[in-house]
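To start, the structure itself, in structure tokens.
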């Protein structure tokens, strides 16, 4: 083994640089102020329980798609990941490419929401939001973009309400919940979800968050903080880092009964592939989906492996099924510069072609 060849003057220089960065970083942290949750102007147009339906303000010089787009996000995280900063915002980019964007913010469930079920969320909240948008635009159908768990909800919704969905986009959406490369699924399939919910009631968001971080413990809980010193001295980069940290640890609790059913029917029974999903009084059959479908997945996704999303191919009766592959990860597909140039414009182009 070769000894480290570091001269004393080099070491002194590195220590001095490190101290300078820390000093500047402390000052930037003190001046950071409140970290915003979303950067694009929006208006709340519908409230129901904890839910808020927002419509985002489009640029005045852009011709909008005649069919509005509703974004359905997951329950397990906050939806401002899609609008995290000005130059890396999925929502802002969709608006710039002519989409009329609405989004469901699920809010923060509390003990009053313990008994909420998938039927309440999908045939209740989502359906009423769709009705609000349809009424505002005097339309019978709208476009839907479902993200991650929200994509699974959107598949269920479209299968049960195909008459209200014109085009469906699924983004990093699990369909086959039992692919061999799905570490999260391997863990979840063996938990006693009945005992968990019966004991805890609502499932703490913090517990789920640390479960997700444990999938890549070094990269997600250690490595990024080792490199943080290089971010601290740049006020803009620090602000972006803090936005991301806020989102990561801003995890709502999960309504107990919804969590119970989702784990059982999707992870443990693999209901999209094996069948048998029952939402309220309705059965979910993906063959009922006949509208055009765009399925977007990330090639390095550690939460929803590509094969878990690509399993959608052949499960619907859509005659217009398209896949879009992104060379990146589960979060990068929203926030990376490459995604802003590739993914969002492609989604908008596809939606516009369906309208033509």
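The values are calculated or read from the model by the stated rules, or taken from the named source; none is laboratory data. Since the model is a prediction, treat every value here as computed from it, not as a measurement. Methodologically, a virtual Cβ is constructed for each residue, glycine included, from the backbone with ideal geometry; neighbour enumeration extends over all protein chains shown.
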* Structure fact -> Considering residues that are more than 19 Å from residue 47 (Cα to Cα) and without any contact (Cβ under 8 Å) to a residue 12 or more places away in the chain, the number found within region 91-112 is 0
* Asked: Does residue 196 satisfy the condition of being modelled with pLDDT of 80 or more and either over 18 Å from residue 152 (Cα atoms) or assigned to a helix (DSSP H, G or I) (or both)?
  -> yes
* Would you be able to say whether some residue in region 270-278 is at pLDDT below 95, in a helix (DSSP H, G or I) and out of contact with any strand residue (DSSP E or B) (no Cβ under 9 Å at 6 or more places or on another chain)? => no
* To do: Among residues belonging to region 323-356 that are farther than 25 Å from residue 79 by Cα and free of Cβ contacts under 8 Å to residues at least 40 places away in the same chain, point out the one that is surrounded by the fewest Cβ atoms within 10 Å (Cβ to Cβ).
  => 356
* Structure fact -> Scanning region 149-158 residue by residue, those out of contact with any helix residue (DSSP H, G or I) (no Cβ under 6 Å at 6 or more places or on another chain), surrounded by 24 or more Cβ atoms within 10 Å (Cβ to Cβ) and under 21 Å from residue 78 (Cβ atoms) turn out to be 150, 151, 152, 154
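Residues checked against (1) touching a helix residue (DSSP H, G or I) at 6+ places or on another chain (Cβ under 6 Å); (2) exposed (fewer than 14 other Cβ atoms within 10 Å of the Cβ); (3) not in a helix (DSSP H, G or I):
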{"site": "166", "(1), (2), (3)": "no, no, yes"}
{"site": "170", "(1), (2), (3)": "yes, no, yes"}
{"site": "176", "(1), (2), (3)": "yes, no, yes"}
{"site": "191", "(1), (2), (3)": "no, yes, yes"}
* Structure fact -> Note on region 113-147: residues free of Cβ contacts under 8 Å to residues at least 60 places away in the same chain and out of contact with any helix residue (DSSP H, G or I) (no Cβ under 6 Å at 6 or more places or on another chain) are 124, 127, 131, 134, 135, 138, 140
* Considering region 31-47 alone, what residues qualify as being loosely packed, with under 14 Cβ neighbours inside 10 Å and either at pLDDT 90 or above or touching a strand residue (DSSP E or B) at 6+ places or on another chain (Cβ under 7 Å) (or both)? -> 41, 43, 44, 47
* Could you list, in sequence order, the residues of region 307-337 that are part of a helix (DSSP H, G or I), farther than 14 Å from residue 148 by Cβ and modelled with pLDDT of 90 or more? -> 307, 310
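Residue-wise test of (1) farther than 23 Å from residue 165 by Cβ; (2) under 12 Å from the mean Cα position of the chain (by Cα); (3) buried (at least 21 other Cβ atoms within 10 Å of the Cβ); (4) touching a residue at least 12 places away in the same chain (Cβ under 8 Å).
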{"site": "52", "(1), (2), (3), (4)": "no, no, no, yes"}
{"site": "57", "(1), (2), (3), (4)": "yes, no, no, yes"}
{"site": "62", "(1), (2), (3), (4)": "yes, no, no, yes"}
{"site": "66", "(1), (2), (3), (4)": "no, no, no, yes"}
{"site": "69", "(1), (2), (3), (4)": "no, no, yes, yes"}
{"site": "74", "(1), (2), (3), (4)": "no, yes, no, yes"}
{"site": "79", "(1), (2), (3), (4)": "no, yes, yes, yes"}
{"site": "85", "(1), (2), (3), (4)": "yes, no, no, yes"}
{"site": "88", "(1), (2), (3), (4)": "yes, no, no, yes"}
